[in-house]
Structure formats: C-alpha cells, structure tokens
1. What list of ³J(HN,Hα) values in whole Hz, one per residue of region 59-65 in order, does the Karplus curve 6.51 cos²θ - 1.76 cosθ + 1.60 (θ = phi - 60°) give from phi, with Gly and Pro shown as x?
2. Before anything else, pin down the relative contact order of the chain: Cα pairs under 8 Å, at least 6 apart, normalised by residue count, whole percent.
3. Along each principal axis of its Cα atoms, how long is the chain end to end? Whole angstroms, biggest number first, please.
4. Given the peptides 14-24, 82-92, arrange them by the average over their residues of other C-beta atoms within 10 Å, most packed first.
5. In the neighborhood of residue 87, defined by Cβ-to-Cβ distances under 12 Å, what is the net charge if each Lys or Arg adds +1 and each Asp or Glu adds -1?
6. Could you work out [θ]222 nm for the chain from helices alone, using -39500 (n - 2.57) per DSSP H run of at least four and dividing by all its residues? Round to the nearest 500 deg cm²/dmol.
7. Tell me, what HN-Hα J-couplings in whole Hz come from the Karplus equation 6.51 cos²θ - 1.76 cosθ + 1.60 at θ = phi - 60° for each residue of region 42-48, using x for Gly and Pro?
8. Quick one: which residues, 5+ away or cross-chain, put their amide H under 5 Å from the amide H of residue 73? H built at 1.01 Å from N.
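Read-outs throughout are calculated quantities, based only on the coordinates presented, and are distinct from any laboratory measurement. None of these values were measured; they are calculated from a predicted model. When we count neighbours, we look across all protein chains shown, and the Cβ atoms used for this are built from the backbone with ideal geometry, even at glycine.
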Amino acid sequence: MAQVASVNISEEKGTVKHEVPEIRLRLRHGIVGDAHAGDWHRQISLLAEESVDKIRPLLPGLRPGAFAENISTRGLELKTLPVGTLLRLGEAVVEVTQIGKQCHGGCEIQKRTGQCVMPAEGIFAVVVKEGTVRKGDPIEVLKEAES
C-alpha cells in the first residue's frame, strides 16, 4: 500500500524544507505555513522515496525535504501519473498539475552529485479537498487521468 513517508515545509523561499508532524492543505492555497503556497498550479510538490533512493548511494545522509518536496511518498511511482490524476493523501485530495520542472541553475544536490531527481520525477499538485496529511497516511489513486 502506498503511503506518505514524510511531510515537509519551509517558512521562507530559498531555504531547505524540514520535516513536520503534519501539514494542513487548504483549497486554492496549498500548505498552510509553507513559503510556496498560493493560488497557482504548483501548490504542493511530491517526490517518491524510490526516486530519492537513486541518489542515496552518493549522499547517504539525505533528509526529508532535501529536494524541496512537500510530501515524500513510498509505494507509488509518481512520475507515471498523468496530469489530472486525483490522489487522496490522508484526509485531503489533490490533483496532479505538472510532472517535473525545469531546474534553474541546479540545486545543491545537483552541484554535489551531478544529478537530481526532482526535475524529472517530482510532481506538482493543487488541493481539491482540504484536510490534514501526516507521515504514515495512506495514499490512494482516486482517478487516473486519461492520456
């Protein structure tokens, strides 16, 4: 079963995200208290732990939020989900709006290892049903968008 591996926020843009016990997802906003929240198409970032595992041999001490992901997952290949897919995360529901993103100048991980998984394997979503999300919460694909 797919589940939430960690929930992470940063209070200021340009700082590393850190793990918190829970996050509150708000409609047309994203994560309450996260610097990247707002009424736009990339309210929440998600990255599979399976993707992070590819970098761990090069940087064994990677912590949750190291790739600026709000939600780390385990047991779901996020990068294969089409835009429009609905996911239940704990109490909340999000809709996938973007797969990957352009990396501007390279993050610290890219500079240290020569590679980064977030640009190709991270996904972004907007909140469609408010709720709280915690580490260990189940993840359910409610509707996979048609390709």
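1. Running phi through 6.51 cos²θ - 1.76 cosθ + 1.60 with θ = phi - 60° gives 9, x, x, 4, 10, x, x Hz.
2. Working: 375 pairs, mean separation 50.4, N = 147.
Relative contact order comes out at 34 percent.
3. So the three principal-axis extents are 38, 33, 27 Å.
4. On the way: 14-24: 14.9, 82-92: 18.8.
Per-residue Cβ counts within 10 Å, averaged per peptide and sorted highest first, yield 82-92, 14-24.
5. Numbers: positive: 88, 129, 143; negative: 95, 137, 140, 144.
Net local charge, residue 87 excluded: -1.
6. Working: 3 runs with 14 residues, N = 147.
Estimated from H runs of four or more residues: -1500 deg cm²/dmol.
7. 10, 5, 9, 10, 10, 9, 6
8. 5, 47, 48, 49
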